[in-house]
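Here's the structure we're looking at; comments come further down.
The values are calculated or read from the model by the stated rules, or taken from the named source; none is laboratory data. In this text the structure is predicted, and so the values were computed from the model without any measurement. Here the Cβ positions follow ideal geometry from the backbone for every residue, glycine too, while neighbour counts run over all protein chains shown.
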């Protein structure tokens, strides 16, 4: 059995052709992607099918939604054994203002947030905006070339 099929079936997701293609793309890109990104990549695919694929991935906890402040919801694959729980799976997201990519930084965890009694957190999002490592190198190079 193919590794992609194993990932989907291991999360109780039927491995349809589109789900396999979306999973493969998300694994290869290693950045958060939007529904529009998927539409542009899979030009002949139906928007509803792509949306349902992303929704299934989120529901089955192999992907999570990211609000990076751009007004467009992005999706990223979860790390292994992630359950997108507020008290154990929170990590930093980085949005590059130069290339417009959003990256999960799972090795930078967000410490627990203790709310006052009676308050219940349902969603926490921590996004740092700046210039990513790839873009900062090109910005440095342009600065040197202009001197």
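List of remarks:
- Of all residue pairs spaced 6 or more apart or on separate chains, those with beta-carbon atoms under 7 Å, a first member in region 108-122 that is at negative phi and free of Cβ contacts under 8 Å to residues at least 24 places away in the same chain and a second member that is surrounded by 10 or more Cβ atoms within 10 Å (Cβ to Cβ) and assigned to a strand (DSSP E or B) are 108/91; 108/92; 109/91; 110/91; 110/92.
- Flag if residue 13 is assigned to a loop (DSSP other than H, G, I, E, B), within 27 Å of residue 122 (Cα to Cα) and in contact with a helix residue (DSSP H, G or I) (Cβ under 8 Å, 6 or more places away or on another chain): yes
- Within region 125-147, considering residues that are assigned to a loop (DSSP other than H, G, I, E, B) and at pLDDT 80 or above, the one farthest from residue 96 (Cα to Cα): 125
- Among the residues of region 37-51, not a single one is touching a strand residue (DSSP E or B) at 6+ places or on another chain (Cβ under 7 Å) and assigned to a helix (DSSP H, G or I).
- Some residue of region 62-71 being surrounded by 15 or more Cβ atoms within 10 Å (Cβ to Cβ), at pLDDT below 85 and either over 20 Å from residue 25 (Cα atoms) or over 12 Å from the mean Cα position of the chain (by Cα) (or both): no
- The residues listed here are 89, 46; of these, the one that is at negative phi and either modelled with pLDDT of 90 or more or loosely packed, with under 12 Cβ neighbours inside 10 Å (or both) is 46.
- Restricting attention to region 20-35, the residues that are within 14 Å of residue 76 (Cα to Cα) and part of a helix (DSSP H, G or I) total 9.
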